[in-house]
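Just below is one structure, and these are the notes that go with it.
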Amino acid sequence: MTRRRLALVLLACLVAVAAPSGQSRGITIAAASDLQAVLPDITRPFERSTGIRTTVTFGSSGNFFAQIQNGAPFDVFLSADADYPRRLADAGQVESSTLFEYATGRLVLWARRDSPLDVNKGLALLADAHVRHVAVANPATAPYGRAALAAIRSAGVFGVTERKLVYAENVAQAAQLAQSGNADVALIGHALAVGPALREAGHFLDIPARLHPPIAQAAAVVSSSPNKPAAREFIDYLKSAAAKQTLRSYGFDVAGGAGGGA
């Protein structure tokens, strides 16, 4: 091989390594399960505009909180309970400067479309003898589970409902229990109810926000992230007008207009 050809080969190798560097950046996101339907509509345009790949793991906010405390390799934490990232920030485990509330979630009562149960009766329906199983997320680790129990108590039907409660690991699994028929109804996030998996499968009623504490949801960059610049770019995108509009379209309450802060 001539020197000129060798030089061209080496140059091609350097280009092959360097060219995708901006496109091959990636971040891992620990996301509350109420975001399963909406988050793909946020990450897709983010990836297109930045070239940053996103890998998302969904689960309960409390479990992610414990995992991040123990050094789990996430770059971004999207919690359904703002208290979890605040506590991590106090411990230096997420970056305080990136912590912000991105939305407030809404709780709904959901049942299959082929069910004879009328969700328009609201939480009074849970006292009906035909309702044998009520799926809720585990209140120990899932904010929607805590909100569900608070709403049931506020509605005055906890005494007759307690024995019917079926606890799922997270709010998405609570939805699956009702969708599969293993529960008669479920108390889940509005965003899941209007998502593609459940939109045609059932019907729902929004639970009045006054019946439970606000489901304030917050995001932050994990302090141990090796991909902080890319993670901060995602946090910035989550504050954008486009991301806020997407969240609103799935029923989240989002404060602020275009640009910084939510």
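Data table
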quantity: Test: residue in the stretch 125-142 that is touching a residue at least 60 places away in the same chain (Cβ under 8 Å), polar (S, T, N, Q) and not in a loop (DSSP other than H, G, I, E, B); calculated: no
quantity: Residue in the stretch 205-213 that is modelled with pLDDT under 95 and touching a Lys or Arg at 6+ places or on another chain (Cβ under 8 Å) present; calculated: no
quantity: Subset of the stretch 120-149 [surrounded by fewer than 18 Cβ atoms within 10 Å (Cβ to Cβ) and in contact with a strand residue (DSSP E or B) (Cβ under 9 Å, 6 or more places away or on another chain)]; calculated: Asn120, Lys121, Gly122, His133, Pro139, Ala140
quantity: Residues (part of a helix (DSSP H, G or I) and surrounded by 24 or more Cβ atoms within 10 Å (Cβ to Cβ)) located in the stretch 150-190; calculated: Ala151, Ile152, Val171, Ala172, Ala174, Ala175, Ala178
quantity: Options Ala191, Ala230, Ala220: the member that is at negative phi, out of contact with any Leu (no Cβ under 8 Å at 6 or more places or on another chain) and not acidic (Asp, Glu); calculated: Ala230
quantity: Checklist (1) in a helix (DSSP H, G or I); (2) crowded, with 22+ Cβ neighbours inside 10 Å; (3) under 16 Å from the mean Cα position of the chain (by Cα); (4) not aromatic (Phe, Trp, Tyr) applied to Ala220, failing item; calculated: (1)
quantity: Given (1) at pLDDT below 95; (2) hydroxyl-bearing (Ser, Thr, Tyr); (3) under 16 Å from Ala218 (Cα atoms), number of the condition Ser24 does not satisfy; calculated: (3)
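So that you can scan it fast, the table gives a plain yes or no per residue for (1) of a type outside the set (Phe, Trp, Tyr); (2) closer than 20 Å to Leu123 by Cα; (3) at pLDDT below 95:
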{"position": "Leu187", "(1), (2), (3)": "yes, yes, no"}
{"position": "Ala220", "(1), (2), (3)": "yes, no, no"}
{"position": "Glu233", "(1), (2), (3)": "yes, no, no"}
{"position": "Gln245", "(1), (2), (3)": "yes, no, no"}
{"position": "Ala258", "(1), (2), (3)": "yes, no, yes"}
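The values are calculated or read from the model by the stated rules, or taken from the named source; none is laboratory data. This structure is a prediction, so every number in the text was calculated from the model and none was measured. Cβ: placed from backbone, ideal geometry, glycine included. Neighbour counts: every protein chain shown.
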